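Only the coordinates and a few stated rules stand behind these numbers; no lab work does. These numbers come from a predicted model, not from an experiment. Because the Cβ atoms are built from the backbone with ideal geometry, glycine has one as well, and the counts that use them run over all protein chains shown.
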Amino acid sequence: MSHAEHLIAARPAPPAEKKPMTLARASGYVIIGIWCLVALGLVYTIINGWDWAKVERYGPRYLDGLRTTIILVTVSIILGAILSLPIAFARMSKSPFLAAPAYAYVYVFRGTPLLAQLFLIYYGLGTFRTELESIGLWWFFREAWYCGLLSMTLNTAAYQAEILRGAIASVPVGQREGAFALGLPKSIIFRKITMPQALIVALRPYGNEIILLIKGSAVVSVVTVFDLMGQTRYAFSRTFDYQTYLWAAIFYLTIVETLRHVWAWLEARLTRHLKR
């Protein structure tokens with residue numbers, strides 16, 4: 001290194017320029033300050049209103065409701081993923097006999113609220129008790145837990161089918177054409193080329209769908225399923241303490257944040273080869 005280069009290397013870096021205070025920046029600081037005050041207020045409320053008797057009485061019920069919520073969401077996500085595969089393939093089919101019913105299914109279940117779907121399954125199908133008993137299905141539809149699971153599965157299957165269809169469509173056609181030119185069979189092309197790339201594209205939307213389903217699962221409490229929200233409603237009906245809902249919000253927030261960090265790690269792990 002020459003003497004001039006040594007002088008340049010030893011020269012101190014110029015001080016960083018201070019960004020001017022704009023209206024947007026000042027508004028952001030104000031909003032952050034308000035959120036900090038709200039968080040401090042909630043912490044003070046929790047500490048000030050802490051009651052060990054209520055914790056000992058209703059704490060186990062909250063944990064049981066949390067377990068029910070996790071089981072419902074996990075099973076419905078898995079069953080919905082299995083159901084979404086034929087629906088997504090039918091949506092991409094050129095046959096109207098396959099594409100039209102699949103489109104109608106996705107359109108209905110994505111266009112109507114989960115609560116309405118739950119009511120139609122639990123209360124609507126309950127009016128056909130005689131017919132359901134004759135075919136041996138009444139044992140399923142008389143239980144609120146099964147109806148909640150079915151409604152959540154059908155709902156998330158519609159969303160997952162669209163996520164998968166969009167992800168598959170995002171894979172460049174040239175890759176499939178090149179694989180065909182090499183003489184690879186369609187099954188190998190789909191399993192080794194198309195699907196791995198599609199799943200990477202669909203990874204973040206899948207995470208968003210799981211988070212939405214976790215929060216949407218609270219609707220099953222209206223049909224007497226004692227999930228996390230159902231146990232919260234029970235505790236509030238006995239204590240009339242609004243902090244019961246505050247604890248439920250903390251539980252839901254903890255679940256969502258945990259899943260968000262796990263999903264971010266999983267996405268970074270699976271896409272690390274794209275960042276090189």
Let me know the longest stretch in the chain that avoids all chymotrypsin sites (Phe, Trp or Tyr not before Pro) found in a DSSP loop with at most 16 other C-beta atoms within 10 Å.
-> 51-239
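Go ahead and estimate [θ] at 222 nm for the chain from helices alone: -39,500 (n - 2.57) per DSSP H run with n ≥ 4, summed, over the residue count, rounded to 500.
Estimated from H runs of four or more residues: -25000 deg cm²/dmol.
Work out the count of Lys pairs in the chain where the Cα-Cα distance is under 29 Å, with the pair 8 or more places apart or on different chains. Write down the numbers at each step before the final one.
On the way: Lys54/Lys215; Lys94/Lys186; Lys94/Lys192; Lys192/Lys275.
Counting lysine pairs in the chain gives 4.
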Quick one: dipole size for the chain, taken about the Cα centre, charges +1 on Lys/Arg Cβ and -1 on Asp/Glu Cβ, in debye to the nearest 20.
-> 800
A student applying the Cα gyration tensor rule (rounded when a/c is under 1.5; otherwise prolate if a/b is larger than b/c, oblate if not) would label region 113-270 oblate
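Which of rounded, prolate, oblate describes region 151-198, given a ≥ b ≥ c as roots of the alpha-carbon gyration tensor eigenvalues and a/c under 1.5 marking rounded, otherwise prolate only if a/b is larger than b/c?
Prolate shape, in that a/c is at least 1.5 and a/b is the bigger ratio.
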Counting every C-alpha pair in region 221-276, the percent lying more than 17 Å apart is 55
For the chain, what class follows from the C-alpha gyration tensor (a ≥ b ≥ c being the square roots of its eigenvalues): rounded when a/c is under 1.5, otherwise prolate if a/b is larger than b/c, else oblate?
-> oblate
